[in-house]
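Structure first, then comments.
The values are calculated or read from the model by the stated rules, or taken from the named source; none is laboratory data. Just so you know, these numbers come straight off a predicted model, no measurement behind them. Note: ideal-geometry Cβ built from the backbone for every residue, glycine included; neighbour counts use all protein chains shown. Keep in mind that these areas ignore ligands, DNA and RNA; they rest on the heavy atoms of the full protein, side chains included. Shrake-Rupley method; radii C 1.70, N 1.55, O 1.52, S 1.80 Å.
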Amino acid sequence: MIKLSRLVVVFAAVCLMLGSTNAGAESNDGSTAEQGIDKNNIANLDQLEPVQLPKPPFNYYLSSLIDPNAAVNKTKKLTLKQSAVKSIPAVHDDSKELQASQYAVPNPFQNIKGNLPAGIPTEYKGQMLVQAIKGTNNVILIYGLNFGENRYLVILDKSMTRIEKVYDFINYAISPAYMAEDYDYIYQRVRWAVVEDGILYVSHSHWTYAKSSKGVNGFITAIRLSDNKLLWRTSSLVSNTRNFQIVGDVILSGYGFTSEKDYIYQISKRTGKTLEKVALKDAPEYIDKQKGGILVYGYSHLTSFLIK
């Protein structure tokens, strides 16, 4: 009995030692793997936690980091001259320029395979890739629960192999005040984004009446990538178009909706201040940049502007 008891004790001790060793190995392997993750490699995207940005102001905001009186931050508005307006079908194909500005992402709802380069993750944090924007020096991936609730934004280098930033915009989604009965329609999703000179310019909006979010909808925000600082945010109702364009120091965006006023806006890239708004015949959908001007595609009208 004594010998048996001693064998049991020895066996238990060995098991305990093995268990401790294995547990330690798992722990070490886990921490080593975590420490060894190349946080810039796109293959590791789903293992990375995003930077969750804090709730933004839902009104015009200018950070104390920006001096609006400094010469470098003074922006002269463009001279937009309307040159033509023509009717287009209410249901029309996207322009070649808009198509060329993005990769086509897989869309299981429409049986679209897309044309993404190999190796681009089509999911992140359980959410689907809904947009892939081609920038001058980068590519921006946008992930959402569906094509109406876009939440995560991933900035890649031009080669689409290295991750530069991963942001979570969940705190931008719901305005402070809204009509309770319209809650299901007021999610302000990431609509478009551009990186220029180390600053992310990103628009958020929902696709329903402004009154549903008490008029607090349709913003563009500037975020400094080096420290994730909010530099400025526009006033509301300046951007619910599918994209915006940057021309020099001016951002050209559009806002409009059924039974609401429709405009093209000039916004200072330095301060987010609205410089001018120009009335349109109907709600703008997206903006193409052309040589010497822009084309504004609306619901049933195409408006041409020359830039002086």
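Hey, which of these cross-link pairs are over 20 Å Cα-Cα: Lys211/Lys269; Lys74/Lys269; Lys55/Lys277; Lys74/Lys308?
The pairs that break the limit, which is 20 Å between Cα atoms, are Lys211/Lys269; Lys55/Lys277.
Cα gyration tensor of region 114-185, axes a ≥ b ≥ c as square roots of the eigenvalues: rounded (a/c below 1.5), prolate (a/b > b/c) or oblate?
Taking the square roots of the gyration eigenvalues as a ≥ b ≥ c, region 114-185 is prolate.
Tell me the relative contact order for region 179-308 as a rounded percent, counting alpha carbon contacts under 8 Å between residues six or more apart. Spell out each step's value before the answer.
Values: 311 pairs, mean separation 19.7, N = 130.
It comes to 15 percent, rounded to a whole number.
Can you work out ³J(HN,Hα) from phi for every residue in region 123-134, in order, using Karplus 6.51 cos²θ - 1.76 cosθ + 1.60 and θ = phi - 60°, giving whole Hz and x for Gly and Pro?
9, 8, 6, x, 10, 8, 6, 10, 7, 9, 9, 8
For the pair Thr161/Asn44, report the inter-label distance in nm, with labels modelled 7 Å from Cα in the Cβ direction.
If labels sit at Thr161 and Asn44, their model points lie 1.6 nm apart.
Got a sec? What order do Met179, Met160 fall in by accessible area at 1.4 Å, biggest, i.e. largest, first?
Ranking Met179, Met160 by accessible area, largest first, yields Met179, Met160.
What is the spin-label model distance, in nm, from Leu145 to Glu260 if the labels are put 7 Å beyond Cα along the C-beta direction?
Placing both labels 7 Å beyond Cα along the Cβ direction yields 2.1 nm.
Translational D (Stokes-Einstein, µm²/s) of the chain at 4 °C and 1.567 mPa s when Rh comes from the Kirkwood sum over C-alpha pairs?
60
Only bridges with both residues in the chain count here: give the DSSP antiparallel percent, nearest 5.
Given both bridge residues lie in the chain, the antiparallel proportion sits at roughly 95 percent.
Each residue of region 157-163 in turn: what ³J(HN,Hα) in whole Hz from Karplus with 6.51, -1.76, 1.60 and θ = phi - 60°, glycine and Pro shown as x?
With the stated coefficients, region 157-163 comes to 6, 4, 6, 6, 10, 10, 8 Hz.
So for the chain, averaging the separation of alpha carbon pairs under 8 Å that are six or more residues apart and normalising by length, what relative contact order in percent results?
About 17 percent, as a whole number.
Cβ neighbours within 10 Å, averaged per peptide: list 134-141, 63-70 in order, most packed at the top.
Sorting 134-141, 63-70 by mean packing, highest first, produces 134-141, 63-70.
Please give me, ordered by residue number, the trypsin sites (Lys or Arg not before Pro) of region 158-220 that lie in loop per DSSP and have at most 15 other Cβ atoms within 10 Å.
Lys158, Lys214
If amide hydrogens are placed 1.01 Å from N in the peptide plane, which non-local residues have theirs closer than 5 Å to the one on Tyr286?
Distant-sequence amide H within range of Tyr286: Arg242, Tyr297.
In whole Hz, with x marking every Gly and Pro, tabulate ³J(HN,Hα) for region 240-245 from phi via Karplus 6.51 cos²θ - 1.76 cosθ + 1.60, θ = phi - 60°.
10, 6, 5, 8, 9, 10
Helix-only estimate, please: 222 nm mean residue ellipticity of the chain, summing -39500 (n - 2.57) across DSSP H runs of length 4 or more and dividing by its residues, to the nearest 500.
So the helix-based figure for the chain works out to -4500 deg cm²/dmol.
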